[in-house]
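The values are calculated or read from the model by the stated rules, or taken from the named source; none is laboratory data. As the structure is a prediction and not an experimental result, all values here were calculated from the model. Here Cβ is always computed from backbone atoms with ideal geometry, including for glycine, and neighbour counts include all displayed protein chains. For accessibility, only protein heavy atoms count, side chains too; no ligands or nucleic acids. Shrake-Rupley method; radii C 1.70, N 1.55, O 1.52, S 1.80 Å.
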Amino acid sequence: MNIKRVTLYHVSMNLLSPFVTSLETVQQRETIIVEVEDKDGATGWGEVVAFSSPWYTEETVKTSWHMLEDFLIPKVLAKEIHHPSDVTTLCSSIKRNYMAKAGLETAIWDLFAKKQGVSLSQLIGGTRSTIEVGVAVGARSIGDCLRQIEHYVQEGYRRIKIKIKPENDYEWLKEIRRHFPTISLMVDANSAYTLNDLQQLQALDEFQLLMIEQPLAADDIVDHAVLQKQVTTPICLDESIVTCEDARKAIELGSCKVINIKIGRVGGMNEAKKIHDLCQAKGIAVWCGGMLEMGISRAHNIALASLPHFTIPGDISASSRYWEEDIIIPEVVVKNGMVEVPKQAGIGVSIHRKRLEEITLYKRTYTAS
């Protein structure tokens, strides 16, 4: 493939309701949509899932735009690409900046799958025609939290994730379990704890949780290994795993029993699949995490979650969970806790260009010389 044109769209949409974590409350979602076009006029789409401020990782929308414009896009425009994995090699001299890399790389995966005439799921080895999905609840009060859970249980979501922090954990979970004693329940701490909170975390074993996600520091695998030995609930690593090598080391240390794979966090589909394959070989459970994405990234997540070792419902909610109107056609729909894996070529959805233009703050096109 010869990429002749890359267009970046800086976009912004309001969430239908605020999303609350221990680190940040998100009401407006800015992101970058990436469109690549080859010499034949075929297009592929990706999405940079960095946030406006560096609360989740060090990347932001502005830093990602800079990396794409000044470093990543020139590399892709200058070379013929035989396979999307070539992008990983082309960009290997640029340290980190995984979300910027993923936005461009996933667009090329979509384009490549379309050129091959196959779905992205089929191209990467997906085996499922439908996937189980869960939902993340970020609420300001326990009352709001219970109302959201009730709504999502009625909609059929197969797993509920609650955001916790030291001042909102045991009592919240006790109340949730009183109302919903049998739901598949997990918690996400977004690094809100330290080993000084060991007893507080051990107390959560009482609630038969599916997992505790990223309780300790975002760059840690050592203290998590200590914690996993002291609690019976499986520890899941999220922010700590940004490469397959990180996953290998964490598994060898015994830092976790579960890994959350996010395409944006690990630099693209190629690395995400490598982590999936490693975890499958080592018997470590995996699931597909969410980043409050718009529909393009959500479509890529669906393809990833169709791989055989994704046995835990992922954070792949319906488009209507977050947006008044998404930027893809058809939108992602959840029925009885399941999402269909598209069979059409590429990511299997069309871009709602009118809606994309409505939410675009700025766009720029880069052309091969």
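The table for this structure:
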read-out	value
Relative contact order for the chain, counting Cα pairs under 8 Å that sit 6 or more residues apart, in percent	23 percent
Gain on full stretching of the segment that runs from Thr311 to Glu167 - 0.36 nm per residue minus C-alpha separation	48.7 nm
Cα gyration tensor category, rounded, prolate or oblate, for the range 227-348 with a/c compared to 1.5	prolate
Distance in nm between pseudo-label sites at Glu24 and Ala203 (7 Å out along the Cβ direction from Cα)	3.0 nm
Carbon/sulfur fraction of accessible area - the range 199-251, other protein chains in place, 1.4 Å, %	52 percent
Flagged links, alpha-carbon separation over 27 Å, of Lys115/Lys249; Lys4/Lys101; Lys39/Lys95; Lys62/Lys114; Lys115/Lys262; Lys79/Lys354	Lys115/Lys249; Lys39/Lys95; Lys62/Lys114; Lys79/Lys354
Accessible area (Å², per residue) of the range 238-369, counting only protein heavy atoms and a probe of 1.4 Å	38 Å²
Solvent exposure ordering (accessible area, 1.4 Å, most first) of Ser297, Ser184	Ser184, Ser297
Relative contact order (percent, whole number), the range 326-369, Cα cutoff 8 Å, 6+ residue spacing	46 percent
Options Leu120, Pro181, Ser53, ranked by Cα towards positive dipole end of the chain, top entry (Cβ charges)	Leu120
Which of Arg29, Arg5, Arg140 is most accessible, then next, and so on - probe 1.4 Å	Arg140, Arg5, Arg29
Mean Cα-pair separation over length for the range 17-165, i.e. relative contact order, pairs under 8 Å, 6 or more apart, %	26 percent
